[in-house]
1. Give me the extension gain from L50 to L288: residue separation times 0.36 nm, minus the current Cα-Cα distance, reported in nm with one decimal.
2. Which value in deg cm²/dmol, rounded to the nearest 500, describes the helix-derived mean residue ellipticity at 222 nm for the chain, given -39,500 (n - 2.57) per DSSP H run of n ≥ 4 and division by the residue count?
3. By how many degrees, 0 to 90 and rounded to 10, does the Cα axis of helix 133-149 deviate from the longest principal axis of the chain?
4. Which of rounded, prolate, oblate describes segment 246-285, given a ≥ b ≥ c as roots of the alpha-carbon gyration tensor eigenvalues and a/c under 1.5 marking rounded, otherwise prolate only if a/b is larger than b/c?
5. With a ≥ b ≥ c taken as the square roots of the eigenvalues of the C-alpha gyration tensor of segment 174-216, please select rounded if a/c is under 1.5 and otherwise prolate if a/b is larger than b/c or oblate if it is not?
6. With charges set only on the Cβ (+1 for Lys and Arg, -1 for Asp and Glu), what does the dipole of the chain come to about its Cα centre, in debye to the nearest 20?
7. When the C-alpha atoms of segment 12-166 are aligned to their principal axes, what extent does each axis show, in angstrom, from largest down?
8. Suppose every Lys and Arg Cβ carries +1 and every Asp and Glu Cβ carries -1, with no other charges. What dipole size does segment 1-118 come out with about its Cα centre, to the nearest 20 debye?
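Coordinate-derived values only; no laboratory data. If you're wondering where the values come from, they're calculated on a predicted model, not measured in any experiment. No Cβ is skipped: glycine too gets one built from the backbone with ideal geometry, and neighbour counts run over all protein chains shown.
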Amino acid sequence: MQQVGDLVHKVVSLMLDHLANAAHRPPLPVAAYRPQLPLLTDSPIPEPPLLGELKALLEASMNPAQPGYIGHMDSLPTTVSFLGDLAASAINNNLLSLEMSPALSRLEQELASELARAFGLGQESGGMLVSGGTLANWHALAVARNRAFRALHPGIVGLPQRPVILASGTAHASIAKTAMLLGLGTQGVFPVATDANSRMDCTDLERQVQQATADGRQPFAVVATAGSTTPGSIDPLAEVAQIARRHGLWLHVDAAYAGALIFSDTGRQRLHGIEQADSITFNPQKCLYVAKTCALVLYRTCAAPKASST
Ligand SMILES: *Cc1c(COP(=O)(O)O)cnc(C)c1O
């Protein structure tokens, strides 16, 4: 216990020293780091070289705690986030099931429900934590596909019509990857035109839906982006929602980046229309300053057991 405590204190003070001195190091990684210790070995490695290796690793790493660092999407590490990860690792529960992690799984459900309600998804809403926005997008579109084509068990091989997802050219690269992994191929995403501000052009969206249908394909989902990765644009969510509803399309809003505006009294109205989404991707690891990885997929209708039941 004493020895464990000593080691914990040494490592934590090394980390604190490192963070407290962040201003004295450049934000960019400075060294071409190569591990000095053997990575696979049968002999124990004593403490001093282990701590030395850790120090070298920290010093060679990108330094987002530098006050001059301009965080695009990788935020600076916050104290509570650092400590939260420490506590989570200390108990190492498996969030696979309530049985395996009764407390953390309950916390996950409650958090997802609160966030879903904050986005205006209503009383039936909920969701789950996933390790990244890419997986959140994949999860949401898999549900949309399975629902539209009753594909959960039979899959989509042999469907009479090819399924189509509509997303603008500024949508995140994970949408095309998702289409590939869902068996639609990257050609299963029809790129909708954008306006001069990189926002989805709703006239083109309407046209593409009609064209795809006329060509014998079956559009089933539209992905609107709230905070596109490069230009940071927000698609006209309310207008997109209207078109989605008219054509019976699943509306997924990828709000990985700009979803945090929901907590801003002045910025919230820029997400107007997001409350009509069937599903939302949201990354607290971006604008909420939570350490990676922390992402959520949220659903308007969530079949997961309610947090209040067992
Ligand atoms: C960052 C981002 C993603 C992907 O999130 P990861 O956590 O990196 O997988 C998806 N969509 C948008 C709009 C993003 O900015």
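1. Values: separation 238, 0.36 × 238 = 85.68 nm, distance 3.25 nm.
Full extension of this stretch gives 82.4 nm more.
2. Working: 8 runs with 113 residues, N = 310.
Only helices count here, giving -12000 deg cm²/dmol.
3. Here the helix axis deviates by roughly 30 degrees.
4. Oblate, because a/c is 1.5 or more while a/b does not exceed b/c.
5. Working: a/c = 4.07, a/b = 1.29, b/c = 3.14.
Judged from the Cα gyration tensor, segment 174-216 comes out oblate (a/c at least 1.5, b/c at or above a/b).
6. Working: 22 positive and 24 negative charges, 142 e Å.
With only Lys, Arg, Asp and Glu charged at Cβ, the dipole is about 680 debye.
7. 62, 40, 37
8. Working: 6 positive and 12 negative charges, 57 e Å.
Dipole size: approximately 280 debye.
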